[in-house]
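> Submitted below is the structure of interest, expressed as structure tokens.
The values are calculated or read from the model by the stated rules, or taken from the named source; none is laboratory data. Please read these numbers as outputs of a predicted model, since none were measured by experiment. Please note: Cβ atoms are built from the backbone with ideal geometry, for glycine as well, and neighbour counts cover all protein chains shown.
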Ligand SMILES: [Zn+2]
């Protein structure tokens with residue numbers, strides 16, 4: 001009889017701040033290869049909310065809490081999962097993720113470069129080599145809002161790379177629909193884009209996108225498959241995918257014309273009889289929806305105090321027949337259990353890889369479940385040469401456009417709010433750039449931009465020109481800027497609707513001449529206290545000329561007020577406005593006045 005001892009994760013990233021030496025393998029008997037984590041990895045905490053990142057490094061003496069014995073009548077299955085990759089195949093410019101973690105060599109806790117598909121491949125391949133039964137799946141937003149290197153090639157290198165990584169299937173994400181369903185279907189089939197092929201070796205997606213809850217609005221028929229079933233370790237495992245039902249609220253309305261989105265839990269629950277009838281013994285839910293979590297990327301207790309959001313609600317309503325929920329959309333890294341069932345997410349941009357390990361009996365019943373988020377640290381792994389070469393080929397095809405110099409800046413800017421619920425330095429810069437562009441071309445009064453449209457920090461290296469590639473990482477949606485006219489009353493209503501529902505930068509960032517203040521009592525709805533324009537209270541009856549991006553102008557983020565805007569004029573691309581502003585005002589960042597949005 002073989003005895004496998006389940007042991008504590010090598011990354012003991014726990015909420016109880018309890019740590020174990022790095023020589024301890026995660027599950028199973030084979031220790032990780034020594035070059036991986038040489039050093040004093042201990043406890044790692046990250047908050048992915050953008051501010052107050054805290055890393056704790058604490059030694060602790062208690063031994064691993066559980067040792068489980070398995071017998072030949074049990075099957076161990078490792079489910080590796082990824083979400084919200086957003087085309088981040090490149091290792092830097094932009095660096096996919098900088099979680100605060102101990103340096104693999106020195107142990108010093110500091111921001112660490114993580115991600116890049118060549119590093120992800122190494123982590124995944126090394127772990128797979130140690131697991132008997134494994135599968136690699138994803139929870140959507142693998143494409144869209146991508147850095148220029150992938151985006152200019154219509155994310156085809158990303159699809160190629162994920163296929164070559166052996167991805168079995170992904171749930172659909174809202175961003176897969178950014179350019180509309182026909183464009184997604186073209187990509188999955190490997191056809192050339194209108195205007196010619198962009199990635200010469202592209203053969204399409206070798207994995208299916210699953211969307212059980214997306215229907216043709218007219219026929220009511222499902223457009224993409226709901227699930228795939230795979231035999232693993234003698235068990236039939238069904239992987240079932242759903243996209244957030246909020247897709248219509250977070251995507252440009254024109255991208256989803258004719259589509260209907262059903263409730264995730266209701267849809268997945270209704271599928272259970274069909275999956276069972278097809279012989280599925282284990283059901284894995286992959287959903288592009290998730291939770292918000294202020295704790296660490298790994299919680300060995302799985303209690304995840306404070307975990308909240310739609311992902312939690314769905315998890316509570318989802319049929320217990322589902323063994324695990326792989327989630328996404330909120331860009332958070334967590335390993336939690338809700339009513340005893342795993343709910344996991346791997347952060348974003350390939351900076352983390354989740355491994356969920358299920359111990360199952362021969363009928364597919366879950367006997368034990370554990371999960372860990374492995375950070376894909378560039379300092380701890382060697383890049384996989386084949387994937388590094390793929391990234392190089394994509395880089396070579398896009399060099400000219402990516403390397404257009406913009407300005408020599410002395411400082412960068414963060415997209416996270418300076419004070420919780422307030423404005424962010426980068427939000428202020430972008431809004432000011434849009435206003436400057438709007439003043440030049442459309443007699444604009446003010447500009448506003450959605451925080452969700454700002455996708456990366458502006459990072460500056462001394463002596464290196466900021467390039468279009470850097471700016472594209474910040475604003476990757478190729479949105480047009482739109483000038484439109486609304487009344488002060490409509491503007492007030494717009495800002496009220498955009499008040500944040502959860503911690504982070506306020507969802508509408510504003511130009512220097514617009515300010516607003518708001519408050520929120522515990523458990524109550526947010527209240528807009530005041531709005532001023534050029535130092536004076538907003539005149540509710542007056543018309544204001546406002547610059548916003550096309551996503552917001554079309555009513556994205558549920559801001560339908562802007563669809564009532566009059567005298568619309570298209571002013572050109574958002575990224576060009578930012579480039580122009582920085583080129584003309586390299587000191588713009590130093591001159592920005594913060595405090596435009598305050599919470600009382
Ligand atoms: Zn999403």
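> For the stretch 322-345, how many residues meet the condition of being surrounded by 24 or more Cβ atoms within 10 Å (Cβ to Cβ), touching a helix residue (DSSP H, G or I) at 6+ places or on another chain (Cβ under 6 Å) and farther than 20 Å from residue 143 by Cβ?
Looking only at that region, the number is 2.
> Something else now. For the stretch 163-179, which positions are out of contact with any strand residue (DSSP E or B) (no Cβ under 7 Å at 6 or more places or on another chain) and within 16 Å of the ligand (Cβ to nearest atom)? Talk me through it step by step, then tell me what you get.
Of the stretch 163-179, the ones out of contact with any strand residue (DSSP E or B) (no Cβ under 7 Å at 6 or more places or on another chain) are 163-164, 175, 177-179.
Selection gives 175, 177, 178, 179.
> Moving on to the next point. Can you give me the number of residues within the stretch 328-345 that are over 19 Å from residue 300 (Cβ atoms) and in contact (Cβ under 8 Å) with a residue 60 or more places away in the chain? Steps first, answer last, please.
Quick first cut of the stretch 328-345, residues over 19 Å from residue 300 (Cβ atoms) only: 328-331.
Subsequent filtering for residues that are in contact (Cβ under 8 Å) with a residue 60 or more places away in the chain retains 328-329, 331.
Count: 3.
> Applying the selection to the stretch 287-321, what residues are away from the ligand (no atom under 16 Å from the Cβ), surrounded by fewer than 23 Cβ atoms within 10 Å (Cβ to Cβ) and not in a loop (DSSP other than H, G, I, E, B)?
Answer for the stretch 287-321, where residues must be away from the ligand (no atom under 16 Å from the Cβ), surrounded by fewer than 23 Cβ atoms within 10 Å (Cβ to Cβ) and not in a loop (DSSP other than H, G, I, E, B): 308, 312, 313, 316, 317.
> Looking at residue 411, is it outside any helix (DSSP H, G or I) and in contact (Cβ under 8 Å) with a residue 12 or more places away in the chain?
Numbers: outside any helix (DSSP H, G or I): yes; in contact (Cβ under 8 Å) with a residue 12 or more places away in the chain: yes.
The answer is yes for residue 411.
> In the stretch 530-544, what residues are farther than 16 Å from residue 509 by Cα and touching a helix residue (DSSP H, G or I) at 6+ places or on another chain (Cβ under 7 Å)?
538, 539, 540, 541, 542, 544, listed by residue number.
> Determine, yes or no, whether residue 400 is modelled with pLDDT under 95 and either part of a loop (DSSP other than H, G, I, E, B) or over 30 Å from residue 293 (Cβ atoms) (or both).
Working: modelled with pLDDT under 95: yes; either part of a loop (DSSP other than H, G, I, E, B) or over 30 Å from residue 293 (Cβ atoms) (or both): yes.
It is true that residue 400 is modelled with pLDDT under 95 and either part of a loop (DSSP other than H, G, I, E, B) or over 30 Å from residue 293 (Cβ atoms) (or both).
> A follow-up question, please. Considering only residues that are in a strand (DSSP E or B) and more than 13 Å from the ligand (Cβ to nearest atom), look in the stretch 234-250 and name the one that is surrounded by the most Cβ atoms within 10 Å (Cβ to Cβ). Break it down into steps so the answer makes sense when it comes.
Residues of the stretch 234-250 in a strand (DSSP E or B): 235-243.
Subsequent filtering for residues that are more than 13 Å from the ligand (Cβ to nearest atom) retains 235-241.
Values: 235: 20, 236: 16, 237: 25, 238: 26, 239: 25, 240: 25, 241: 33.
So, considering only residues that are in a strand (DSSP E or B) and more than 13 Å from the ligand (Cβ to nearest atom), the one surrounded by the most Cβ atoms within 10 Å (Cβ to Cβ) is 241.
> Looking at 537, 586, 526, which is the one that is free of Cβ contacts under 8 Å to residues at least 24 places away in the same chain, over 19 Å from residue 483 (Cα atoms), in contact with a strand residue (DSSP E or B) (Cβ under 8 Å, 6 or more places away or on another chain) and surrounded by fewer than 20 Cβ atoms within 10 Å (Cβ to Cβ)?
None of the others qualify; the one that does is 537.
> Restricting to the stretch 182-200, give me the number of residues that are in contact with a helix residue (DSSP H, G or I) (Cβ under 9 Å, 6 or more places away or on another chain), under 21 Å from residue 225 (Cα atoms) and more than 16 Å from the ligand (Cβ to nearest atom). Outline the logic, then answer.
Filtering the stretch 182-200 for residues in contact with a helix residue (DSSP H, G or I) (Cβ under 9 Å, 6 or more places away or on another chain) gives 183-184, 187-188, 190-194, 197-200.
Applying the additional criterion that residues be under 21 Å from residue 225 (Cα atoms) yields 183-184, 187-188, 190-191.
Those left that are additionally more than 16 Å from the ligand (Cβ to nearest atom): 183, 187-188, 190-191.
Result for the stretch 182-200: 5.
Each row is one residue, and each column tells you yes or no for (1) farther than 17 Å from residue 296 by Cα; (2) surrounded by fewer than 20 Cβ atoms within 10 Å (Cβ to Cβ); (3) assigned by TED's automatic domain parsing to the domain that holds residue 233.
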site: 347; (1), (2), (3): no, no, yes
site: 351; (1), (2), (3): no, no, yes
site: 360; (1), (2), (3): yes, no, yes
site: 366; (1), (2), (3): yes, yes, yes
site: 373; (1), (2), (3): no, no, yes
site: 378; (1), (2), (3): yes, no, yes
site: 382; (1), (2), (3): yes, yes, yes
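> Then there's this: Would you say residue 205 is touching a helix residue (DSSP H, G or I) at 6+ places or on another chain (Cβ under 6 Å), buried (at least 16 other Cβ atoms within 10 Å of the Cβ) and closer than 21 Å to residue 167 by Cβ? Give the steps one after another, and end with the answer.
Details: touching a helix residue (DSSP H, G or I) at 6+ places or on another chain (Cβ under 6 Å): yes; buried (at least 16 other Cβ atoms within 10 Å of the Cβ): yes; closer than 21 Å to residue 167 by Cβ: yes.
Answer is yes for this residue.
> Under 7 Å between Cβ atoms, at least 6 apart or on separate chains: pull out the pairs that start in the stretch 468-479 with a residue that is within 15 Å of residue 551 (Cβ to Cβ) and end on any residue that is assigned to a helix (DSSP H, G or I) and at pLDDT below 90.
Hits for this filter: 477/551; 479/550; 479/551.
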